[in-house]
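Just below is one structure, and these are the notes that go with it.
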């Protein structure tokens, strides 16, 4: 890890916690840990602006363990956007709380609620949950939040992007007003900043990287390609080295398609997306971590919480609609002290998305040369052109230019109340075209259809029917017959 020269013993942690840190190989704090732990131990609200791979889980877990271990009742709540991230956080809590009396309840979708109900009934001191599943327990009155002393919102920007604003507002309303709140986010602007202002009390802001920056050690390159050249280019890059590779796609259909193409080319590959069961996701992640699978193909939402230090290469097969997602994707490589590379494929129709990303990160990403002179690449391109045309579910909309501003006007900067918008987003927060349907938002087992689809045209009007107040039965208006009027119990014969 990118450690500071000072040890954990200067941060005010107890001897038993220091011993637990030594046991798991933590010898010195990362910058976010060094800056966030002291104010958190002092009971202050904290805003931590840090990307993935910076050690932010320990930055909030260690102060919570120090404060809550040994106390009866549910006193801590950690909210995370996805199941995988929630499970990763729970694992870190287990590692750091060795020798202390601290019990956890992990509330996520996709699994039975039986074990969760038992953990809650036994009085787990810390709840780690996705917002959707926590709302389920609140509705069933199996979870209570009136005793919460410490609240953590991890990857708050992602939770808001996924449309969890209504659920977060409901959860906030159930919490005591007197509490400590810790919010961590890779970006701090717009909706995230507004949410922090509304829910944190005089927070101390700690930042280890400028908001909107990407992993400094990642070698980032952009390949300007046609859509039919993406698959051949991916195969070419995979043959250049043996690095473990994480491939991001926009849809589940694309993830399945890319995985099958790689399997056909004899690469060991796994995939994760919302249609995969929790056990299938766990098997894919475990196989990727152990090296059984060299390539993992994933959608954005399903990939949250992947914590693999040895990811050497991230391939962004489809550019994300939300520019901040690029920061999260690149953050999957060059974690801790490792270095890595990020390759972005940009087709002509994705150019506006690339410009939005470059505006966010405040730099022009370097372009790389596509190996079009390579005979093997040419053969793969010819084969790709001859293949079945892509589904409309994988295509970019016909007009992506200027989509960000128009989409915000139509959907209220994030989908409105129904989709968890909750206010105006800043410019370039979402650059989808105006006719794109708002994305599905929940990755905790409630909304399984997570593909973007073009919005369908409205249905054609149906012809008048008897009973609509039109012509009476028998033919033309004025003829004798029977008219049945809808909406009331009376009939006139």
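Read-outs: derived from the displayed coordinates by stated rules, not from any lab. Keep in mind that this is a model prediction, so the values were computed, not measured. Using ideal geometry, Cβ is built from the backbone for each residue, glycine included, and neighbour counts are taken over all protein chains shown.
Could you tell me, in Å, what Rg and Dmax come out for the Cα atoms of region 1-138?
Calculated on Cα positions, Rg and Dmax stand at 15.0, 46 Å.
With each pseudo-label sitting 7 Å past Cα toward Cβ, what's the residue 268-residue 201 distance in nm, one decimal?
5.3
Output the peptides 169-180, 98-109, 313-324, 144-155 sorted from most to least packed, where packing is the average of other Cβ atoms within 10 Å over each peptide's residues.
My ranking of the peptides, most packed first, is 313-324, 144-155, 98-109, 169-180.
Taking neighbour counts of Cβ atoms within 10 Å as a proxy for exposure, in what order, fewest first, do 137, 273 appear? Display every interim value, and only then the final one.
On the way: 137 20, 273 26.
Arranged by neighbour count, lowest to highest, 137, 273 become 137, 273.
Just to be sure I understand the model, the point goes 7 Å from the Cα along the line to the Cβ. What's the resulting residue 103 to residue 141 distance in nm?
2.2
In which sequence would 346, 49 go, from the one with the fewest C-beta neighbours within 10 Å to the one with the most?
Result, fewest neighbours first: 346, 49.
Can you give the FRET efficiency for residue 363 and residue 122, using 1/(1 + (r/R0)^6), R0 = 45 Å, r = Cβ-Cβ distance, to the nearest 0.05?
0.35
Could you tell me the distance between the Cα centroids of region 351-382 and region 246-270, to the nearest Å?
The distance from the Cα centre of region 351-382 to that of region 246-270 comes to 19 Å.
Taking the Cα-to-Cβ direction at residue 256 and at residue 9 and moving 7 Å from each Cα, how far apart do the two end points lie in nm?
It is 5.7 nm.
Which FRET efficiency, nearest 0.05, do residue 278 and residue 193 yield, Cβ-Cβ r, R0 30 Å?
0.35
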